[in-house]
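**Q** Encoded as structure tokens, here's the structure I'll be asking about.
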Amino acid sequence: VMQDLEHDFVNFATKYPEKCSVRIGFDIELAQQIYAGCDLFLMPSAFEPCGLSQMLAMRYGTLPVVHQIGGLRDSVRPYNPIEQTGTGFGFTEYSSFYLMEAIKLALDVYQNQPLIWQKLIKTAMQQDFSWKTASGGYEKLYQQLLIE
């Protein structure tokens, strides 16, 4: 199935070379350029136990649009228009409608509220997903369990 999908993408890129490019495989330098060159990173996973891509996107200043599930819910704080805070945009119900609504909200902020957009980028880039931070949370949890 995956080879069929790859074949379809290659055919599409061949048919529309000025609109689409396909590169099968992984190239770390290209990946870094893509993360750094995007304004939004779409990650509408149906299931995601952790996910690193949204974390990398935030580090490079690209705001993620994610399905708020699993690790995506844990790592991306959806934009709150009242408080004007967040580290990306999210949707809770897994459907194309809600994905599009999240994208529309993101584009509205991008186009009409550039200062807020920059604030979101700065906040996203400052997130600390290091093991040092995570281990501190685990240590606190284990200490609570020992007390109980």
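**Q** Against the condition of a type outside the set (S, T, Y) and free of Cβ contacts under 8 Å to residues at least 24 places away in the same chain, how does K119 come out, does it pass?
**A** no
**Q** Take the residues in segment 109-148 that are closer than 26 Å to L63 by Cα, in a helix (DSSP H, G or I) and of a type in the set (D, E, K, R), then tell me which one is nearest to the chain's Cα centre (by Cα).
**A** Filtering segment 109-148 for residues that are closer than 26 Å to L63 by Cα, in a helix (DSSP H, G or I) and of a type in the set (D, E, K, R), the one nearest to the chain's Cα centre (by Cα) comes out as K122.
**Q** OK, next. Please name all residue pairs, on different chains or six or more residues apart, with Cβ atoms under 6 Å, provided the first residue is in segment 10-31 and is without any contact (Cβ under 8 Å) to a residue 12 or more places away in the chain and the second residue is among the β-branched types (V, I, T).
**A** Note: pairs meeting the criteria are A13/V22.
**Q** Could you please find all residues in segment 7-26 being within 23 Å of the chain's Cα centre (by Cα) and assigned to a helix (DSSP H, G or I)?
**A** Correct list: F9 only.
**Q** Moving to a separate point now. Which of the numbered conditions does I24 fail, given that it passes all the others? Conditions: (1) within 16 Å of P64 (Cα to Cα); (2) in contact with a helix residue (DSSP H, G or I) (Cβ under 7 Å, 6 or more places away or on another chain).
**A** Here I24 clears every test but (1).
**Q** Let me ask something else about it. Scanning for something among the charged types (D, E, K, R) and farther than 18 Å from Y60 by Cα, does segment 84-95 turn up at least one residue?
**A** For segment 84-95, residues among the charged types (D, E, K, R) and farther than 18 Å from Y60 by Cα: present.
**Q** Name the one entry in G70, G61 that is surrounded by fewer than 21 Cβ atoms within 10 Å (Cβ to Cβ) and within 24 Å of Q32 (Cβ to Cβ).
**A** So the residue among G70, G61 that is surrounded by fewer than 21 Cβ atoms within 10 Å (Cβ to Cβ) and within 24 Å of Q32 (Cβ to Cβ) is G61.
**Q** Looking at L99, L42, L52, L107 in this structure, which one is over 30 Å from H7 (Cβ atoms) and not basic (K, R)?
**A** The conditions single out L107.
**Q** Would you say V66 is in contact with a Ser or Thr (Cβ under 7 Å, 6 or more places away or on another chain) and either closer than 21 Å to S130 by Cβ or without any contact (Cβ under 8 Å) to a residue 12 or more places away in the chain (or both)?
**A** no
**Q** A further question on this structure: List every residue pair whose Cβ atoms lie under 7 Å apart, where the two residues are 6 or more positions apart in sequence or sit on different chains, the first residue falls within segment 70-92 and is hydrophobic (A, V, I, L, M, F, W, C), and the second residue, located anywhere, is in a loop (DSSP other than H, G, I, E, B) and at pLDDT 95 or above.
**A** From residues that are hydrophobic (A, V, I, L, M, F, W, C), the pairs are V76/T87; F89/Y79; F91/Q68.
**Q** Scanning segment 79-138 for residues that are of a type in the set (F, W, Y) and closer than 23 Å to G37 by Cβ, which turns out surrounded by the most Cβ atoms within 10 Å (Cβ to Cβ)?
**A** Among them, the one singled out is F89.
**Q** Next question. Looking at segment 109-129, which of its residues are in contact with a Ser or Thr (Cβ under 9 Å, 6 or more places away or on another chain) and modelled with pLDDT under 95?
**A** Once the filter is applied, which keeps residues that are in contact with a Ser or Thr (Cβ under 9 Å, 6 or more places away or on another chain) and modelled with pLDDT under 95, segment 109-129 yields only F129.
**Q** Taking segment 43-71, which residues are within 11 Å of the chain's Cα centre (by Cα), at pLDDT below 95 and of a type in the set (A, V, I, L, M, F, W, C)?
**A** If the condition is that a residue be within 11 Å of the chain's Cα centre (by Cα), at pLDDT below 95 and of a type in the set (A, V, I, L, M, F, W, C), then M43, L52 are the ones that fit.
The values are calculated or read from the model by the stated rules, or taken from the named source; none is laboratory data. Remember, it's a predicted structure, so these values are computed and weren't measured experimentally. With ideal geometry, Cβ positions are generated from the backbone for all residues, glycine too; neighbour counts draw on all protein chains shown.
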